[in-house]
């Protein structure tokens, strides 16, 4: 019996931690269809199961547009960080978060 691939999104997949997570997921889950995001440049990976998407996690419109590309996701893993630059409105960012039950 064929199973549908597990669909996983790794936000911030191009950073050091994100790259390690992406590689581990590819290695451990052979049925994974993996989507990873980058801010400036995607990291080359030799896998047909990995698709890169450009995403600025500070932009609510980009987040909405990106999320509308998917009708079903099994896991979302956030490896994105924002260390330098202008101020971030944390209240607005937190309002974008979904409740976890």
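Read the figures in this text as sums done on the coordinates, not as results from a lab. In this text, all values refer to a predicted model and were calculated from it rather than measured experimentally. Methodologically, a virtual Cβ is constructed for each residue, glycine included, from the backbone with ideal geometry; neighbour enumeration extends over all protein chains shown.
Tabulated data
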item	result
Pairwise label distance in nanometres, residue 61 with residue 48, each label 7 Å out on the Cα-Cβ vector	3.7
Burial order of peptide ranges 8-18, 53-63, 26-36 (average beta-carbon count within 10 Å, highest first)	8-18, 26-36, 53-63
